[in-house]
Amino acid sequence: MEQNDYITNAENEDTYFRRFSKYFDELKWLYQELYENDAMFAELCVKIKRFYLIREEELKKRDRQREKNPDWYKKNDMLGIMFYIDNFANTINGVKEKLGYLEQCNVNYIHLMPFLDSPKGSSDGGYAVADFRKVQPELGTMDDLEALTAECHKKNINVCMDFVMNHTSDQHEWAKKARNGDREYMNRYFFFDNDTIPRQYEETVPQVFPTTAPGNFTWLEDSKHYVMTTFYPYQWDLNYANPEVFNEMMYHFLYLANRGIDVIRIDAVPYIWKELGTNCRNLKKVHTIVRIMRMISEIVCPGVLLLGEVVMEPEKVAPYFGTIEKPECHMLYNVTTMATTWHTVATRNVSLLREQLDKVNALPKEYVFLNYLRCHDDIGWGLDYKSLAEKGLEERSHKQYLNDYFQGFAGYSNSKGELYNADPVTGDARFCGTTASMCGIEKAKSEGKEADMEKAIQCDLMLHAYMFMQSGIPVLYGGDEIGQLNDYSYKENPDKREDSRYLHRGKMIWENVEKIKQPDTVEAKLFSGLQKLEQIRKTEKTFLTAANCYTLDTWTESVLGMVREYQGEKIIGLFNFSEHEQMAWIDEKDGVYRELITDYEMPASGVTMPPYGFCYLKKLLPK
Ligand code: GLC
């Protein structure tokens, strides 16, 4: 560190004052709109400053650099990976030991799946937090976390963690006090001594886990009260109409940010505000809260990014970016694109995906999406059914087809996986499985069919190549880089067997990582294939988020064409979603292209695409 990177106490104060003054009016206005409570607003202002004052100088330096370069995360070198600490490396210190491997994966962003203290057996994969300031003891300590984030920062790796703000575990200190009848704490949740109001809510609020946790309320026999539980019965919804809840949760957020976290994933954010008579999702006040949270982070820790987990229909997602003048989240998941991708795998027809990409491409370039194929959750079939209806596909039967397809029952499928929360009433179900298993690697392996295996690997790589071509930040699902398969062992664990999401939450098999050194293995083919794509993505400037992107007609149902252009450079991506050879009938008459993966020079016209083939054609500039 250079000497002049340090700033004096007076400069520290000035910095805070500058940021605080910038946001004060809006902050106060919005806070009062929610709470009309001067005392609590004053408390918030005093305490957030304290979090600033005790923030490590190294982190403040990072903040200042990022303040000067606020687009730092919109570069094409950003690549993420997400994993559960115990599955990946047993402990936080274990993750530190594996940073070399992560660097080999070219990632500079790691999402550590929930690791805060959470009761065994009723943790929802860590999403039921009992203590926001304590790490699960078997994973390590807060000190270990700080040591890990510091080490990551040295290697230019950003660390993301979940902030589960919609609810706490029923074992959280507040919940325990509420259960014992302490009014102050009952008011931090939604408590009702009879079912009149819960019944009214149930009339308009849909269910998140209709099979594994039906209903939105839980009867507490010991305290003779109903409590609102949108997710599992042991996840009690917090009442954000209570300023105590809001303030305290903001302090937890800043506490975690001060541990060196770079990206805060706001879990289940659309659900945080409830109003009787509504569906309790995406309400206006959710946006007020996120906006306030964004301002607080801009004041205290502007180097920290907010990632909103908005798994909603497309028109509900983009509003979480806020506006250019009043931004809310920095980043959001590209969830509809993800689901539409798998629809395309099952139908071999790219038309819906093309429409979806066109919609995303039409959004302002300031919006950064996290692109992904798989994550720790199920795939919900949130597609554009209006458009599908025009193509002759009906919602319910199409969902049935997709679920049949991915279970391997229909439509020339080699996929393997399981349903999630099949709802006996609506007939709806979501889907679980790893990328590799859904691409056919598991089936080809168990049947020993080599030709099928080659196609499955090719399909897996094609999907990644296409995902990398989207604007935003690609995030790998940990284990996908070596083609980890479904793990059925969750069925033997009584704490997990009811939740099929554990199918794709298996332990990392490190013996398989060793196989990346043997070129003929599935692991090596995937790993090296991805490495090549990652290299291209980070060196070609057309992959910058600022690039101009559009889709291209290939006049072939199964081949997707995507174009990226930036400062005179141009890349065309072609992706064959079918197991058969296809011809992409493009005809770009603007010169000669070089295929970046094979290095062949060729014209971009009439391109023959092998089964699940893909290519990145870069236009060569005139010599
Ligand atoms: C988010 C998580 C999911 C969890 C839910 C409740 O959707 O991704 O795994 O079950 O929130 O916290």
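The values are calculated or read from the model by the stated rules, or taken from the named source; none is laboratory data. Computed from a predicted structure; not experimentally measured. Virtual Cβ from ideal backbone geometry, glycine too; neighbours counted across all protein chains shown.
Quick one: would you say Ile586 is in contact with a Ser or Thr (Cβ under 7 Å, 6 or more places away or on another chain), among the hydrophobic types (A, V, I, L, M, F, W, C) and either at pLDDT 95 or above or surrounded by 20 or more Cβ atoms within 10 Å (Cβ to Cβ) (or both)? Give the steps one after another, and end with the answer.
Details: in contact with a Ser or Thr (Cβ under 7 Å, 6 or more places away or on another chain): yes; among the hydrophobic types (A, V, I, L, M, F, W, C): yes; either at pLDDT 95 or above or surrounded by 20 or more Cβ atoms within 10 Å (Cβ to Cβ) (or both): yes.
Judged against the criteria, Ile586 is a match.
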Out of (1) in contact (Cβ under 8 Å) with a residue 40 or more places away in the chain; (2) of a type in the set (Asp, Glu); (3) surrounded by fewer than 22 Cβ atoms within 10 Å (Cβ to Cβ), the one Glu325 does not meet is (1)
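Would you check if there is a residue in segment 190-203 being in contact with a Cys (Cβ under 6 Å, 6 or more places away or on another chain) and buried (at least 17 other Cβ atoms within 10 Å of the Cβ)? If you could, list the steps in order and put the result at the bottom.
Of all residues in segment 190-203, those in contact with a Cys (Cβ under 6 Å, 6 or more places away or on another chain) come to none.
No: segment 190-203 contains no residue that is in contact with a Cys (Cβ under 6 Å, 6 or more places away or on another chain) and buried (at least 17 other Cβ atoms within 10 Å of the Cβ).
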Within segment 257-287, residues being within 16 Å of the ligand (Cβ to nearest atom) and closer than 24 Å to Pro302 by Cβ number 8
Picking from Met312, Met331, Met338, the residue that is within 16 Å of the ligand (Cβ to nearest atom), in contact with a Pro (Cβ under 7 Å, 6 or more places away or on another chain) and among the aliphatic types (A, V, I, L, M) would be Met312
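With a cut-off of at least 1 residues that are acidic (Asp, Glu) and within 16 Å of the ligand (Cβ to nearest atom), name the helices (runs of 4 or more DSSP H) lying wholly within segment 85-183.
On the way: elements: 85-89, 92-97, 99-104, 142-154, 173-179.
Where helices (runs of 4 or more DSSP H) fall fully within segment 85-183 and carry at least 1 residues being acidic (Asp, Glu) and within 16 Å of the ligand (Cβ to nearest atom), they are 85-89.
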| query | Out of curiosity, is Asp267 touching a Lys or Arg at 6+ places or on another chain (Cβ under 9 Å), within 21 Å of Lys120 (Cα to Cα) and in contact (Cβ under 8 Å) with a residue 40 or more places away in the chain? | reply | no
Taking segment 183-199 and keeping residues in contact with a Leu (Cβ under 7 Å, 6 or more places away or on another chain) and without any contact (Cβ under 8 Å) to a residue 24 or more places away in the chain leaves none
Filter segment 339-378 for residues that are surrounded by fewer than 20 Cβ atoms within 10 Å (Cβ to Cβ) and polar (S, T, N, Q); the one that is modelled with the lowest pLDDT is Asn361
Pairs returned, first residue in segment 419-448 that is touching a residue at least 12 places away in the same chain (Cβ under 8 Å) and of a type in the set (D, E, K, R), second residue that is buried (at least 19 other Cβ atoms within 10 Å of the Cβ) and in a strand (DSSP E or B), beta-carbon separation under 7 angstrom, 6 or more apart or interchain, are Arg430/Ile379; Arg430/Tyr420
Contact list, first residue from segment 485-501 and over 20 Å from Phe406 (Cβ atoms), second anywhere and away from the ligand (no atom under 14 Å from the Cβ) and part of a loop (DSSP other than H, G, I, E, B), beta-carbon distance below 9 Å, six or more apart or interchain, is Ser489/Gly506; Ser489/Lys507; Pro494/Gly121; Asp495/Lys120; Asp495/Gly121
Contact list, first residue from segment 128-144 and within 12 Å of Val164 (Cβ to Cβ), second anywhere and within 16 Å of the ligand (Cβ to nearest atom) and of a type in the set (Val, Ile, Thr), beta-carbon distance below 9 Å, six or more apart or interchain, is Ala128/Val164; Ala128/Thr168; Val129/Val164; Val129/Thr168; Ala130/Thr168; Phe132/Val164; Phe132/Thr168
For Trp381, the lone unmet condition from (1) in contact (Cβ under 8 Å) with a residue 60 or more places away in the chain; (2) surrounded by fewer than 23 Cβ atoms within 10 Å (Cβ to Cβ); (3) touching a Leu at 6+ places or on another chain (Cβ under 6 Å) is (1)
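Those residues that are part of a helix (DSSP H, G or I) and within 32 Å of the chain's Cα centre (by Cα), I need them from segment 187-199; list them, please. Outline the logic, then answer.
To start, the set of residues in segment 187-199 that are part of a helix (DSSP H, G or I) comprises 196-199.
Residue satisfying the conditions is Pro198 alone.
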For segment 195-216 the number of residues that are aromatic (Phe, Trp, Tyr) and more than 16 Å from the ligand (Cβ to nearest atom) is 1
Of (1) modelled with pLDDT of 95 or more; (2) buried (at least 17 other Cβ atoms within 10 Å of the Cβ), Glu390 satisfies every one except (2)
